[in-house]
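To start, the structure under review is shown below, and the notes come after it.
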């Protein structure tokens, strides 16, 4: 049977920290991926989606999937159009030892707004699942109320110095670094806690973006209170390279093992 079939797979090895991590004699994979469910329809079973979109990735190396689960004004990074992961998807992933990362990476968060979103956090609170966060206040609230979640410092925080990495790791469990730092080998080599860093395995338009105006504008749009989408491309022309794949061997040899994998949009792009 295809390991990505609609039935729950039997998967080896089991990632460290998963629901099955207590199993004896099972070693975690040397490389793990958190992968995008961008534009996945809830009508498509999650393992069918994985087979179609990421069939070249061994199932045992997929640590988590990030995508929208229910509507929330705390989502950031990209526009909320519809949910991408159904409750059945989440249950099947978790049962297979794969976590779900909830992208609450909005720049702006107020405590009453957080309280409204707790219905989502309540539903998926588990040590196998994670929340991707940009706003530090939100991270503190989640840490206080939901200790079993893993907290990721979003790439949107644009953490690009060793001092900021160390400061972020005092609050977050892991830090996602900007794509362009993949090309700064001297910088990467000097990072102390490489096991808590997530690098991009591939890159899209953010690799060459000078300002990332879209992140701020999408944070406002996801409040559904008006606003407009903004992109730096009309303001400052830049090279659009399509999807850029990074060779992972140099990063693994340096001690990095966790990677974020994006799904290309039509025409091999991840942005406008």
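The values are calculated or read from the model by the stated rules, or taken from the named source; none is laboratory data. No experiment lies behind these values; they were computed from the predicted model shown. A quick note on method: Cβ atoms are made from the backbone with ideal geometry, for glycine too, and the neighbour counts reach across all protein chains shown.
Quick check on this structure: which one of 130, 105, 126 is under 26 Å from residue 171 (Cα atoms), touching a strand residue (DSSP E or B) at 6+ places or on another chain (Cβ under 9 Å) and surrounded by fewer than 22 Cβ atoms within 10 Å (Cβ to Cβ)? Steps first, answer last, please.
Values: 130 fails: surrounded by fewer than 22 Cβ atoms within 10 Å (Cβ to Cβ); 105 fails: surrounded by fewer than 22 Cβ atoms within 10 Å (Cβ to Cβ).
One residue alone meets the criteria, 126.
Checking each residue in the stretch 50-70 for being surrounded by 19 or more Cβ atoms within 10 Å (Cβ to Cβ), in contact with a helix residue (DSSP H, G or I) (Cβ under 9 Å, 6 or more places away or on another chain) and over 23 Å from residue 136 (Cβ atoms) picks out 50, 59, 62, 65, 67. Cβ-Cβ distances below 9 Å connect the following pairs, each with a first residue in the stretch 154-173 that is on the phi > 0 side of the Ramachandran plot and surrounded by fewer than 17 Cβ atoms within 10 Å (Cβ to Cβ), a second residue that is part of a loop (DSSP other than H, G, I, E, B) and modelled with pLDDT under 95, and a separation of six or more residues or different chains: 158/178; 158/212.
Taken across the stretch 71-88, residues that are crowded, with 23+ Cβ neighbours inside 10 Å, part of a helix (DSSP H, G or I), out of contact with any strand residue (DSSP E or B) (no Cβ under 7 Å at 6 or more places or on another chain) and modelled with pLDDT of 95 or more do not occur at all.
Suppose the filter is closer than 20 Å to residue 201 by Cβ and modelled with pLDDT under 90; does residue 67 pass it? Walk me through it before giving the result.
Values: closer than 20 Å to residue 201 by Cβ: yes; modelled with pLDDT under 90: no.
So residue 67 fails the test.
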